[in-house]
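Colleague: Below: one structure in structure tokens.
The values are calculated or read from the model by the stated rules, or taken from the named source; none is laboratory data. Since the structure is predicted, the reported quantities are computational estimates derived from the model, not experimental observations. Cβ placement follows ideal geometry from the backbone for every residue including glycine, while neighbour counts extend to all protein chains displayed. Accessible surface is based on the protein model in full, side chains and every heavy atom, while ligands, DNA and RNA are left aside. Shrake-Rupley method; radii C 1.70, N 1.55, O 1.52, S 1.80 Å.
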Amino acid sequence: DFVRSSELAFVVEPSDDIAVQEQPLILYCQVEGIQPITITWRKNGAMIVDSENAFMLANGSLYVSRFQRVREDGSSDEGEYDCMAQNHYGLVVSRKAKIQAATMSDFHIHPQSAVVEEGGVARFQCQIHGLPEPVILWHKNSMPVNTDNERYTLLPKGVLQITGLRAEDSGIFHCVATNIANVKFSREARLTVSGSHSSVYKDPMILVGPENLTLTVHQTAVLECIATGNPRPIVSWSRLDGRPIGVEGIQVLGTGNLMISDLTVQHSGIYVCAANRPGTRVRRTAQGSLVVQAPAEFVQHPQSISRPVGTTAIFTCVAQGEPPPQITWLRNGQILETSDHIKLKNNNSTLSIYGINQTDEAIYQCLAENSAGSTQASARLTVLWADGLPSPPQAVRAETVSATTIQVSWEKPLQNTKEIIGYVLHIRKAADPVEMEYQEAVSKSTFQQLVTDLEPSTSYSFYIKAYTSRGASKASEVMVVSTLGEVPAMPSLYIKVINSTAVQATWEPSIKLGQHEGFKLYYRKVHLSQYTGPVLLGSNVTAYNITHLDASVVYEVKLLAYNQHGDGDSTVRFVSLRETVERTVLNPPCDCMKDEQNNKTSTTGIIIGIHIGVTCIIFCILFLMFGYRGRLLMCKNVQEQLSTPQIPRSQRSAVLNGAARRDRDDRDLNGKQLDMNELERLFPGSPSQEQHDKGMTPAHSPPVPHDDTQISTLPMDEFSIIEEQPDPLPNAPRGGSPPALAPDYGPANEG
């Protein structure tokens, strides 16, 4: 509580107000903090000097005796006012209060006379501008309109709606506008209700839809929507984005006007009014936008802090509002200017002060402002400083050692050196912001430090502080020195053989090459001492062809990068073209014309081969066909021999496909005869044919008509023709049936 009460802060700040002409005005300002506190006032940024018209009261408030919008000298009491409070620790400024004069203009919209049929809708409107917003009331026949009548709806913007008109609604109407500045009356308008209620169908029609509104949170919005039609349409509301309108704070005025109380930012959107014919999909729509603004308010206030000399102080101030507020920082009431050690980040939400010293001790204010209002918050920075701290280190020197190393040396402070526990070396690229600084700690007995891993050809700044258990000394003198330049690093080199007399050297420039101006390329035969080159190549070149080489020797290729500081180390590669020559001899290059001719010859050969093949196939088919026909003829001859032999039976040839023959052991028959049963089985009808030809009709077989074209139905592959010379059969019996032949199932001699 003591810390809070010791902070200089506002308890009451001036607020926006509307003043009445020639009336007194009081602007309040109350501050707490450590006394003594001085309060002053400003108007539009200029100091207000006490006068007969405006002076400060004992409690710090500002009193304006006779507020005037325009004075005789042309000045005005309207404007933006703020109060400033100051004590030993700093100064704070209040929020700006906007003061305006109460006014009222003439009516710029007057009610208009109308003739409406009974049961219809009548609407009167009058508009007038004023500060504060005038309150508009309606009179009918010089008497206030009865607002208890549910058919009469009065809207805040000066609109009177009358629904379900009746004859008694006829009369003379006018409106009265009132605020603290004045009272004014509009012109009169006559309403005439004619005829009786009509039953003729009329499409829904929206007479007046919602208008675009821009309001502030906690205000009330009225979206007008009045529709007519027969039957009377049903009015409904929705949001264009599909979100629900909700029910809290929502009210319907009259037959379709939407009123939203206690507005929030979430109520912003486009609202759609729809007039629907009952029981159908016939509808008419109108829409209007509602924008709800919110004054700036803090989500996170800056906090007062205490920091030792040389450290960093950070203040954070986060504000919200609609539209998003702009943030401005003040230091003891003045606009804060950024520098190398004062930085603003994150859209001015973060204030960082690096390497603070006693001059940074002040009150820092965050002002958040948008079109809906402004607010402020403050915090104090206390810089801790102890008596008896060491003086700054002396004789600081910085010397360049190499392209990446600088040596910094110093001497101990002149005063208060007994409590020193060490030194801190602060290092930063000269071109970098202060927040990029880094430190290296050094023991108290060391007075030099080798700073390594630096970048070539780069400027660095250095300063030293001596530290004790109670705090740090002030910073020493700042030294700025640059590192030496560095030659480029070795490039990567690759050699590719193109042919027997040429190679290609390629390389990949790397960031590690540094600031190089180009490349130098050398090459030589390995048995020679002198190089060919250098071939100077630009920094953007990454390949080079070496031609007119001797294929019988080995070459050495060397590449290096160079800059203004000299040549870098080289990369060496060896290459031989002998293998390429040998491969060429073993695998000579193709003769394209010869290959083309060979291809043509091969194609012709393929075509001829195809023709020969087709011809062979055709001959094979013909051969098979004629061979099959010959077999058929042979089969026919066999049948003729079997059916009508012209020789004696005893001399008949046995014709059987490897079937029954005379048993070779039965030599007493001295001949061979056919087994007629076997023939019947193999050649149905043939034995009968033979008997028919002789005029014989066996009892066991019916007569068969003679058919010279009858052939066997057996496949040709299942029999062969065997021709043998018959042995004479002496003493053959005359007449009667031939003797039965014993079947011989032995192998047949195939012919």
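Colleague: Could you size up the charge dipole of the stretch 182-317 around its Cα centre, putting +1 on the beta carbon of Lys and Arg and -1 on that of Asp and Glu, and report it in debye to the nearest 20? Working shown, then result.
Modeller: Details: 12 positive and 8 negative charges, 100 e Å.
In debye, rounded to 20, the stretch 182-317 gives about 480.
Colleague: Cα-Cα over 19 Å: which of LYS98/LYS184; LYS43/LYS345; LYS96/LYS157; LYS520/LYS558? Don't jump to the answer; show the numbers that get you there.
Modeller: Working: LYS98/LYS184 26 Å; LYS43/LYS345 31 Å; LYS96/LYS157 29 Å; LYS520/LYS558 8 Å.
Flagged as over cut-off: LYS98/LYS184; LYS43/LYS345; LYS96/LYS157.
Colleague: What is the percent carbon and sulfur in the accessible area of the stretch 9-101, measuring with a 1.4 Å probe over the protein chains and ignoring ligands? Don't skip to the end; give the middle numbers.
Modeller: On the way: 2490 of 5010 Å².
The computed percentage sits at 50.
Colleague: What residues have an amide H closer than 5 Å to that of THR458, excluding those fewer than 5 places away on the same chain, when H is modeled at 1.01 Å from N in the peptide plane?
Modeller: Placed amide hydrogens put THR483 under 5 Å from THR458.
Colleague: Sort all Cα-Cα distances of the stretch 259-306 into consecutive 10 angstrom bins from zero, then give the percent of pairs in each bin up to the one containing the longest distance.
Modeller: Reading upward from the zero bin: 18, 28, 21, 15, 9, 5, 3, 1.
Colleague: If we restrict to alpha carbons, what Rg and Dmax does the stretch 494-577 come to, in Å?
Modeller: 13.0, 39
Colleague: Quick one: grab the alpha carbon gyration tensor of the stretch 157-223, order the square roots of its eigenvalues as a ≥ b ≥ c, and give me rounded if a/c is under 1.5, else prolate or oblate depending on whether a/b is larger than b/c. Kindly include the intermediate steps, with their values, before the conclusion.
Modeller: Working: a/c = 3.58, a/b = 1.39, b/c = 2.57.
Oblate, since a/c reaches 1.5 and b/c is not below a/b.
Colleague: So, one more: So what's the net charge close to GLN219: Lys and Arg +1, Asp and Glu -1, counting the other residues with Cβ under 11 Å from its Cβ? Can you show the working numbers first?
Modeller: Numbers: positive: none; negative: GLU133, ASP262.
Taking every Cβ under 11 Å from that of GLN219, the sum is -2.
Colleague: For the stretch 37-176, what Kirkwood radius comes out of the mean inverse Cα-Cα distance, in Å?
Modeller: It works out to 19.4 Å.
Colleague: Over all alpha-carbon pairs in the stretch 9-101, figure out the percentage whose distance exceeds 16 Å.
Modeller: Working: 2239 of 4278 pairs.
Counting pairs separated by more than 16 Å, the tail of P(r) holds 52 percent.
Colleague: How many Å² of accessible area per residue for the stretch 494-577, probe 1.4 Å? List each step's numbers first, then the result.
Modeller: Values: 4730 Å² over 84 residues.
That works out to 56 Å² per residue.
Colleague: Over all directions, the average projected area of the alpha-carbon convex hull for the stretch 187-294 comes to how many nm²?
Modeller: Numbers: hull surface 35.2 nm².
If I average the Cα hull's projected area over directions, I get 8.8 nm².
Colleague: With +1 on each Lys and Arg Cβ and -1 on each Asp and Glu Cβ, and nothing else charged, work out how big the dipole of the stretch 104-285 is about its Cα centre, in Debye to the nearest 20. Working shown, then result.
Modeller: Working: 16 positive and 15 negative charges, 99 e Å.
Dipole about the Cα centre, nearest 20: 480 debye.
Colleague: Continuing with the same structure: When the accessible area of the stretch 387-482 is split by element with a 1.4 Å probe, what percent falls to carbon and sulfur?
Modeller: Reported share for carbon and sulfur atoms: 48 percent.
Colleague: I need the fraction of alpha carbon pairs in the stretch 373-498 separated by more than 19 Å, rounded to a whole percent. Can you show the working numbers first?
Modeller: Working: 4596 of 7875 pairs.
Tail of P(r) above 19 Å: 58 percent of Cα pairs.
Colleague: Compare the Cα positions of ILE546, LEU560, SER500 along the charge dipole of the stretch 494-577 (+1 at Cβ of Lys, Arg; -1 at Cβ of Asp, Glu; about the Cα centre) and return the one farthest towards the positive end.
Modeller: Of the candidates, SER500 comes out farthest on the positive side.
Colleague: Right, next: Can you pull out the trypsin sites (Lys or Arg not before Pro) in the stretch 25-129 that DSSP calls coil and that have at most 11 other Cβ atoms within 10 Å? Walk me through the intermediate numbers first.
Modeller: On the way: sites: ARG42, LYS43, ARG66, ARG69, ARG71, ARG95, LYS96, LYS98, ARG123; in loops: ARG66, ARG69, ARG71, ARG95, LYS96.
Sites meeting the loop and neighbour criteria: ARG71.
Colleague: Quick one: Debye curve from the alpha-carbon atoms of the stretch 104-285 only, equal weights, vacuum; give me log10 I(q)/I(0) at q = 0.17 Å⁻¹ to two decimals.
Modeller: -1.18
Colleague: I want the local charge near PHE298. Using Cβ-Cβ distances under 13 Å, sum +1 for each Lys or Arg and -1 for each Asp or Glu among the other residues.
Modeller: On the way: positive: ARG95; negative: GLU297, GLU369.
That works out to -1.
Colleague: Right, next: Taking the Cβ of GLU168 as the centre, find all other residues whose Cβ is under 13 Å away and add up their charges (Lys, Arg: +1; Asp, Glu: -1).
Modeller: Details: positive: LYS140, ARG151, ARG166; negative: GLU118, ASP169.
Within the 13 Å Cβ shell, the charges total +1.
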